[in-house]
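Here is the structure we will look at.
The values are calculated or read from the model by the stated rules, or taken from the named source; none is laboratory data. Because the structure is predicted, anything quoted here is derived from the model rather than measured. Don't worry about glycine lacking a Cβ; one is built from the backbone with ideal geometry, like all the others, and counts go over all protein chains shown.
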Amino acid sequence: MTRFLKKALLLSAVFAVILISSCKVNYSFTGASIPPEVKTIRIANFPNNAPLINPTLSQTFTNALRNKFQAQTSLTLVNSGGDMVIEGAITDYNTRPTAIQGDDIAALNRLSISVKVKFTNYFDESQNFEQTFTRYEDYPSEQDLNSVTETIVPQITKYLVEDIFNKAVVNW
């Protein structure tokens, strides 16, 4: 290898190290990209303001959202302040018939949950958003809502939490 080629390779390696080290965004295996100066997050309680109330939904949803951020980021959950803040409310919880059969009887019912979210990133205001997220699950019409709540509400909550997490910190 010639002396010139060795110097060129060495210079290229040094340049690559400088370039890589100057980019300071934390990446995780979850896909979250959070700037290193962001250390804390506050996730406010999500009150249930829906016309139809599921008495445990507010606590279930809030805990699931907090658990997601604690498990998949290095952010510290705080009760006040916060470098990032997630707040909002459950705005809709309803069930309605879907898949109407020929005899005007629904084969399936659909439980929908909507959550209005306000996300504030105090280090990068371009990431801020206010958005309503909605997810649903269908269930057989011969089952009443109370009998399926324990299985489909956690599933809908999981999807909503994933959507909010992705919008807030994945940025793909």
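Restricting the first residue to the range 52-63 and requiring it to be over 16 Å from D163 (Cβ atoms), which pairs with a second residue that is small (G, A, S) meet a Cβ separation below 9 Å and a spacing of at least six or different chains? Partner pairs satisfying both residue conditions: L57/A50; S58/A89. Consider the range 141-154 and keep the residues that are out of contact with any Leu (no Cβ under 6 Å at 6 or more places or on another chain) and closer than 18 Å to N48 by Cβ. The one that is surrounded by the most Cβ atoms within 10 Å (Cβ to Cβ) is V153. Please verify whether E125 is over 16 Å from N48 (Cα atoms), at pLDDT below 95 and among the charged types (D, E, K, R), treating the condition exactly as stated. So E125 fits the description; yes. Among the residues of the range 50-59, the ones that are surrounded by 15 or more Cβ atoms within 10 Å (Cβ to Cβ) and modelled with pLDDT of 95 or more come to 3 in all. Total residues in the range 139-161 satisfying the condition of being over 17 Å from M84 (Cα atoms) and either part of a helix (DSSP H, G or I) or modelled with pLDDT of 95 or more (or both): the figure is 16.
Results for (1) more than 21 Å from the chain's Cα centre (by Cα); (2) among the basic types (K, R); (3) surrounded by fewer than 13 Cβ atoms within 10 Å (Cβ to Cβ), shown as yes or no for each residue.
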residue: A71; (1), (2), (3): no, no, yes
residue: A89; (1), (2), (3): no, no, no
residue: D92; (1), (2), (3): no, no, no
residue: Y139; (1), (2), (3): yes, no, no
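Residues in the range 71-122 that are of a type in the set (D, E) and modelled with pLDDT under 95: D103, D104.
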